[in-house]
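Before any comments, here is the structure.
The values are calculated or read from the model by the stated rules, or taken from the named source; none is laboratory data. What you see is a predicted model, and the numbers here were worked out from it, not measured in a lab. Here the Cβ positions follow ideal geometry from the backbone for every residue, glycine too, while neighbour counts run over all protein chains shown.
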């Protein structure tokens, strides 16, 4: 059996050893890119982030990513310190400094900044925010369909830690991933509070049954931009698609299953809890959606 793989596995690229990173308005070599041990993100996971892909010199679905970033900043009362144009310029300056044009993944991170004392209260973050942008040469290289295991860990409730946040506080997802790996899988399938199939620790989750595409209601999962694009292309192309409650029983008997995310786009699932899904390979509906999604990306960055 192959070793574990991840949904963010990329080809090795020696250029990444010398990338330049944006840190609070300065662009420095990765070896000099540092934040304080008093930073809110390091100390408490108090921050938000976005993952973006660069295609032919353009950031795909940039408006949607910025909408999500600024909505999250408002919700957690975090002043980013830049407007939309400022964030775009920070991204672009990092891209230009690295001479990057395509097959690039960016991690844009914003924390509440440096704290006066090592305690929780947000008023102690008096020097901030901290903004870091990491751009890496990144071509997805996922060698086989993903194996999943169902775990007891759930995404947060809206009144605890809303799963719609791209939050720096990812410990519940990390614990879910650890549990899945202990069970011999690659990543974790997480249920919602009612026991319905929800999402994985890193991606949104879809199944295909009799030509129709199913995903969760969206109430308890991250508001994935790729997730929404898949729903949109299915509707546009007449592929039946449902946001619904469904169970593990429904999932085990699926014809296909796949994950969605900015990095991997649509990643097929081989099996769940030791049960093969369909043929265990990339299925025809997933393949069609993948091609439709590529066309949408190409149109967006044209």
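In segment 176-188, what count of residues is obtained for those that are outside any loop (DSSP other than H, G, I, E, B), touching a residue at least 40 places away in the same chain (Cβ under 8 Å) and within 18 Å of the chain's Cα centre (by Cα)?
Residues that pass the stated criteria total 2.
For residue 278, only one of the following conditions fails: (1) buried (at least 17 other Cβ atoms within 10 Å of the Cβ); (2) over 24 Å from residue 141 (Cβ atoms); (3) over 23 Å from the mean Cα position of the chain (by Cα). What is its number?
Among (1) buried (at least 17 other Cβ atoms within 10 Å of the Cβ); (2) over 24 Å from residue 141 (Cβ atoms); (3) over 23 Å from the mean Cα position of the chain (by Cα), residue 278 violates only (2).
Step by step: first the residues of segment 145-171, then only those that are under 30 Å from residue 103 (Cα atoms) and out of contact with any strand residue (DSSP E or B) (no Cβ under 7 Å at 6 or more places or on another chain), then the one that is surrounded by the fewest Cβ atoms within 10 Å (Cβ to Cβ). Which residue is that?
So the residue we want is 171.
Could you look through segment 237-249, keep only residues that are more than 24 Å from the chain's Cα centre (by Cα) and free of Cβ contacts under 8 Å to residues at least 40 places away in the same chain, and pick out the one that is nearest to residue 210 (Cα to Cα)?
It comes out as 240.
Based on what the data block shows, is residue 118 more than 18 Å from the chain's Cα centre (by Cα), surrounded by fewer than 16 Cβ atoms within 10 Å (Cβ to Cβ), more than 21 Å from residue 6 (Cα to Cα) and in the same structural domain as residue 204 (by TED's automatic domain parsing)?
So residue 118 fails the test.
Failed condition for residue 203, given (1) within 22 Å of residue 41 (Cβ to Cβ); (2) in contact with a strand residue (DSSP E or B) (Cβ under 8 Å, 6 or more places away or on another chain), with all others met?
(1)
So which residues in segment 192-217 are outside any strand (DSSP E or B) and in contact with a helix residue (DSSP H, G or I) (Cβ under 8 Å, 6 or more places away or on another chain), if there are any at all?
201, 202, 211
Each row is one residue, and each column tells you yes or no for (1) outside any loop (DSSP other than H, G, I, E, B); (2) out of contact with any helix residue (DSSP H, G or I) (no Cβ under 7 Å at 6 or more places or on another chain).
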| position | (1), (2) |
| --- | --- |
| 126 | yes, yes |
| 142 | no, yes |
| 157 | no, yes |
| 163 | no, yes |
| 190 | yes, no |
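Given (1) surrounded by fewer than 20 Cβ atoms within 10 Å (Cβ to Cβ); (2) in contact with a strand residue (DSSP E or B) (Cβ under 9 Å, 6 or more places away or on another chain); (3) outside the structural domain of residue 282 (by TED's automatic domain parsing); (4) within 26 Å of residue 39 (Cα to Cα), where does residue 101 come up short, assuming only one miss?
(4)
Only one of these is surrounded by 20 or more Cβ atoms within 10 Å (Cβ to Cβ) and in contact with a strand residue (DSSP E or B) (Cβ under 9 Å, 6 or more places away or on another chain): 82, 91, 124. Name it.
Exactly one residue qualifies, and that residue is 91.
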